[in-house]
Amino acid sequence: MNYKLINNIVVFLFFLGVLLVSFNIAFFWLLLGFAAGYLLFLLIVSTNVQFNFFVKAFNNNRFVSDKKIAITFDDGPVENTLRILEILEKYQVKASFFCIGKNIEENPDIFKKILENGHFVGNHTYSHTRKMGFLSSSKILEEIRRCDEIAEKTGWVKLRTFRPPFGIINPKTKRALEISGHKVIGWNVRSYDAILSSKTYILKRILKKVRLGDVILLHDNNSASVEILEQLLVFLQDNNYSPVRVDDLFQIDAYY
């Protein structure tokens, strides 16, 4: 889809409607409604990586065997990550961590411990800026490359997967990824543990959705995620699910 062309068409139609307003009010409001609807559509598809609109992402895999499922964590490594690692070790399962570059810089030993324990690590940009949706392609590429460089320097791994902050994927992100070559890992079960306070409610949200091949999104910088994770692992164990790394779930290479 030529995003720029469509955007130009919308602008043209809007101003055409303004010119015709004195002749046909209904036509003007029809055009205005179309433009508003289009912009809303773009907002929705740009903030939901699961839609695969601009970039194909790995969100789930319904064709796996043995009831495999992937538990993923965003926004570490931080001190709380160590508690997450303890729970994962207790239940002898592997998970996937999408790490922020500046947090790797601040907590290199924790990043190394994630790798030493056999877990997967992926790129989650350098700064995880809230302006992600407004960055240029060159700035997004810089965010990705800085995180890659720090991960390689710290843990001797060359990352080849990327998870966009806030699930934002737009044409600028697409252009940056075409240059960087990263595969996008999304999710299809969002816990909302970063914004909800009730651990019981968060866990219920996950459990009522969970199916084989799912990718569950949690955050290792949230202390509540520790208790949620343990209860989740008990449920998965009791129901014969097998938590695996995302590269195992999708049969892709984790690193170069």
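Tabulated data
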item	result
Of all residues in the range 171-191 being open to solvent by 10 Å² or more (accessible area, probe 1.4 Å) and part of a loop (DSSP other than H, G, I, E, B), the one that is farthest from residue 122 (Cα to Cα)	188
Unique match (being touching a residue at least 40 places away in the same chain (Cβ under 8 Å), closer than 30 Å to residue 207 by Cβ and not in a helix (DSSP H, G or I)) among 73, 54	73
Number of the condition not met by residue 233 [criteria: (1) open to solvent by less than 30 Å² (accessible area, probe 1.4 Å); (2) at pLDDT below 95]	(2)
Residue list for the range 76-114, filter: open to solvent by less than 40 Å² (accessible area, probe 1.4 Å), over 22 Å from residue 194 (Cα atoms) and in a helix (DSSP H, G or I)	none
Given (1) in contact (Cβ under 8 Å) with a residue 40 or more places away in the chain; (2) open to solvent by less than 10 Å² (accessible area, probe 1.4 Å), number of the condition residue 244 does not satisfy	(2)
The range 200-229, subset charged (D, E, K, R) and crowded, with 16+ Cβ neighbours inside 10 Å, residue modelled with the lowest pLDDT	205
Long-range neighbours under 8 Å by Cβ, at least six apart or interchain, first residue closer than 24 Å to residue 152 by Cα within the range 78-102, second basic (Lys, Arg) and modelled with pLDDT under 95	none
Residue, nearest to residue 140 (Cα to Cα), within the range 155-164, restricted to residues that are of a type outside the set (Val, Ile, Thr) and crowded, with 19+ Cβ neighbours inside 10 Å	164
Residue check for residue 127: among the small types (Gly, Ala, Ser), modelled with pLDDT of 95 or more and either open to solvent by 30 Å² or more (accessible area, probe 1.4 Å) or more than 30 Å from residue 234 (Cα to Cα) (or both)	yes
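The values are calculated or read from the model by the stated rules, or taken from the named source; none is laboratory data. Everything numeric here is computed off the predicted structure, so don't read it as measured data. Neighbour counts are summed over all protein chains in view; Cβ atoms, including those assigned to glycine, are modelled from backbone coordinates with ideal geometry. To get the accessible areas, we keep the full protein, side chains included, count just its heavy atoms, and leave off ligands, DNA and RNA. Shrake-Rupley method; radii C 1.70, N 1.55, O 1.52, S 1.80 Å.
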